[in-house]
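Read-outs: derived from the displayed coordinates by stated rules, not from any lab. On a predicted model such as this, the values are computed, not experimentally measured, just so you know. Heads up, the Cβs are rebuilt from the backbone with ideal geometry, glycines too, and the neighbour counts pull from every protein chain shown.
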Amino acid sequence: MSKRQYNQQRTPSRQPAKKPTLAQLSKNVEKQPMEPNGWKALGEYYANQEDWENARGPLERALELAPKNPSVLELLGRTESGQGNDKQALALLEQALELAPDNAQILFSMGRVHHERAEDNKALEYIERALEIAPGKSPILTYKGNVLYRLHRYRDAFEVFRGMTKKYPQEYSHWNNAGNVLRDLGDLDEAVVYYQKAVELSASSATSFSNHLTALHYHPNATPEEIFALSQEWKARFAPSDIPKRPLPENISPDKRLRIGMISDGFRSHPVGKMITAALEKLEPHHFELFAYSTNSASDAITQRIRNITTQWKVIQHFSDEALAEQIREDKIDVLIDLAGHNTGNRMRVMAMQPAPLLVKWVGGLINTTGLDTIDYLISDAIETPPGSDTSYVEKLIRMPDDYICYEPPAGIPPVAELPASRNGYITLGCFNNAAKVNETVLAEWANIMHQLPGSRLFLKSFQYNSHELCEKVRGFMKARGIESERLLIEGSSPHLELMEAYNRVDIALDPWPYSGGLTTCEAFAMGVPVVTLPGPTFAGRHSATHLVNAGMPELVVNSWEEYRQRVVGLAADLESLSTIRTHLREILLKSPVCDAPRFAKHFTTAMRAIWQRYCDGRSPAALTLNKGYTDLMVDGAPSPHQPDTTLRWLID
């Protein structure tokens, strides 16, 4: 799912009315070099500017002079966190808390570090303790709202943010954060109002603008033309005006070992991690060096797998866009791949700064064109971007011969159980997608299907359904269409393997519209559950279609709501066939190109070599199509000659 972008780190903390200048602070430490408070004040000045590099020295000197000063320990802990050293930060903050257990600032900083480590229950404990000491303090309240949001306590989070918009109506971040909650609750029209207000209040709020753009992909009434126009507006609003020239590689050789940089918030148990890791592991090291730039410090088994295959792993959560662009230039990246899009952790401004010879968009917020014409290529396939759709993208399309991702089922996946209808005596329809995708248009169509399947049940499961209010809203809507509450099963979040096990209670999965499932569709298939989909008008609406077609089940992709109903009812009418399908779907998926990591890795290598060859030849980017048989490459629709696969040197004419 696409997670939401936060602004809590941008929320200004209150400063004294009259602050000493940097020159005054520097002069103070020159006059009194043994006075710890002078060094602390100088370090605090830099810390408040988030200039962590310059903050460190003065604070370390202050700590030498006053090793038991909790404020100095807190500031140094904040500095460690600011440089991505979360373990060191926690150690310093724990020391500070031992000395001053009732210090609101120390408790707040502890909460922030735990939040950044995705340890949100711990974070909430510290934040609430801080608020007991300093009730109503704006930065702490803002952080509480964001922690509640990530814990899926939507109504509580919204009450915090709505209160902040009333108290501080000119602060854009509160409007943005409230919009995030409304979007996840499916209140798309109201969410857009909040996002637009945030953009109005801050012309530099790229985060709010990106959230607005993403929200339109969920909206059943948004047109492709409207979405395309808004995506192009991003560059005019937020791209840096003074963009340096792209760096020139020291070695312009078609056969060189390429340095591939990847920016993502999803190098973990996340749709990005689950759809790239297996393929990246199969890349041949003599072709590529991988550099990972993670926009968070979260870590799990997938994180470790990715770290194991990278030449360099760097947490860049606290890098400014300018600093990250400079780091990428210093790393001499040849091809920079964005794996965030306009979603959480996005670094679209970095892509606008063109810090590498070639820029590519792949998985991660890949729901349509980015609108940023500095990005040369977008990795897709012929289902996601059918022939004739190129004009809807500012990037040149690389159409992979199969799926544009490579799915790997999780370790410990539960076995597929017998068809639930065989023991229940009724059909259970299910949708485990992000609830923001389940709008009134979709629910009305599903109600019609349920009327054609007497006694059928609808099983909805998503983290948003932890909200009692959202559950009641769905029940009320369906009741108004003749579907009583007892025919609805609505559940909130579960650990991932428990969620997979829940598919053993579903007979047929229903794909939402206009924003389809992606990872969810693969997971349903892995658990033996067929998915019926109606493609939407954008890239976001065709995820399921490409996974189904490439898994060998194109008959589950329909062209109208009428055909959608017919396909679901037809599957439900023949339980024997549905049971047989269930028995074989996992094997079909695993043997298909959707899960063939070596195959995808070979195609990916071909694509990267092709665009690099073109760059080396001094040619501008062009749309590329890789055909099914590994060796055929089309450039702008025409065949391209090449040398044998042993060199993978593509001569594009």
Using the alpha-carbon atoms, what tilt in degrees (0 to 90, nearest 10) does helix 70-82 show relative to the longest principal axis of the chain? 40 degrees
Longest to shortest principal axis, alpha-carbon extents of the stretch 152-237, angstrom: 35, 26, 16
Above-threshold pairs, the threshold being 29 Å between Cα atoms, out of 245/282; 167/461; 282/396; 167/479; 18/235; 87/166: 245/282; 167/461; 167/479; 18/235; 87/166
Quick one: 3J(HN,Hα) in Hz for the stretch 263-276, Karplus 6.51/-1.76/1.60 with θ = phi - 60°, rounded, Gly and Pro as x. 10, 7, 9, x, 7, 6, 6, 7, x, 5, x, 6, 10, 10
Once the in-chain neighbours fewer than 8 apart are removed, the aspartates and glutamates whose Cα is under 12 Å from residue 473 read 187, 440
Hey, got a sec? Which trypsin sites (Lys or Arg not before Pro) in the stretch 243-303 land in a DSSP loop and have at most 16 other Cβ atoms within 10 Å? 245, 256, 257
Residue separation times 0.36 nm, minus the C-alpha to C-alpha distance between residue 497 and residue 23: what's the value? 164.9 nm
Determine which residues of the stretch 520-538 fall in the zone a paramagnetic label at residue 424 would reach in this model, i.e. backbone nitrogen under 12 Å from the point 7 Å along Cα→Cβ. none
Starting at the first residue of the stretch 187-201, write each ³J(HN,Hα) from the Karplus equation 6.51 cos²θ - 1.76 cosθ + 1.60 with θ = phi - 60°, in whole Hz, x for Gly and Pro. 8, 5, 4, 5, 4, 4, 4, 5, 5, 5, 5, 4, 5, 4, 6
Would you mind finding the longest exposed-site-free stretch of the chain, with exposed GluC sites (Glu not before Pro) meaning DSSP loop and at most 10 other Cβ atoms within 10 Å? 1-249
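Can you tell me how much longer the chain between residue 373 and residue 489 gets when fully stretched, taken as 0.36 nm per residue apart minus their C-alpha distance, in nm with one decimal? Don't jump to the answer; show the numbers that get you there.
On the way: separation 116, 0.36 × 116 = 41.76 nm, distance 4.49 nm.
Gain on stretching residue 373 to residue 489: 37.3 nm.
Looking at the stretch 15-73, which trypsin sites (Lys or Arg not before Pro) are in a loop (DSSP not H, G, I, E or B) and have at most 13 other Cβ atoms within 10 Å? Don't skip to the answer; put the middle values down first.
Values: sites: 18, 27, 31, 40, 56, 61, 68; in loops: 18, 68.
When the trypsin sites (Lys or Arg not before Pro) of the stretch 15-73 are filtered for loop state and at most 13 Cβ neighbours within 10 Å, 18, 68 remain.
Over all directions, the average projected area of the alpha-carbon convex hull for the stretch 426-594 comes to how many nm²? Write down the numbers at each step before the final one.
Values: hull surface 35.3 nm².
Approximately 8.8 nm², given one-decimal rounding.
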For the stretch 123-134, Karplus couplings with θ = phi - 60° (6.51, -1.76, 1.60), whole Hz, Gly/Pro x: 4, 5, 4, 5, 4, 5, 5, 5, 6, 5, 7, 10
Could you give the nm distance between label points at residue 269 and residue 54, where each point is 7 Å from its Cα heading toward the beta carbon? 4.2 nm
If one compares the long axis through the Cα atoms of helix 224-238 with the longest principal axis of the Cα atoms of the chain, the angle in degrees, nearest 10, works out at 20 degrees
Which residues qualify? For residue 396, with a placed amide H closer than 5 Å and at least 5 residues away or on another chain, they are 377, 378
Taking each pair of different alpha-carbon atoms in the chain once, compute 1/r for the pair, average those values, and report the inverse of that mean as the Kirkwood hydrodynamic radius in Å to one decimal. 26.4 Å
From the C-alpha gyration tensor of the stretch 164-314, pull out the three semi-axes of the equivalent ellipsoid (sqrt of 5λ each), sorted largest to smallest, in whole Å. 36, 20, 16
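Suppose the chain between residue 305 and residue 284 were pulled fully straight at 0.36 nm per residue; how much longer would it get relative to their current alpha carbon spacing?
Numbers: separation 21, 0.36 × 21 = 7.56 nm, distance 1.55 nm.
The span from residue 305 to residue 284 would gain 6.0 nm if fully extended.
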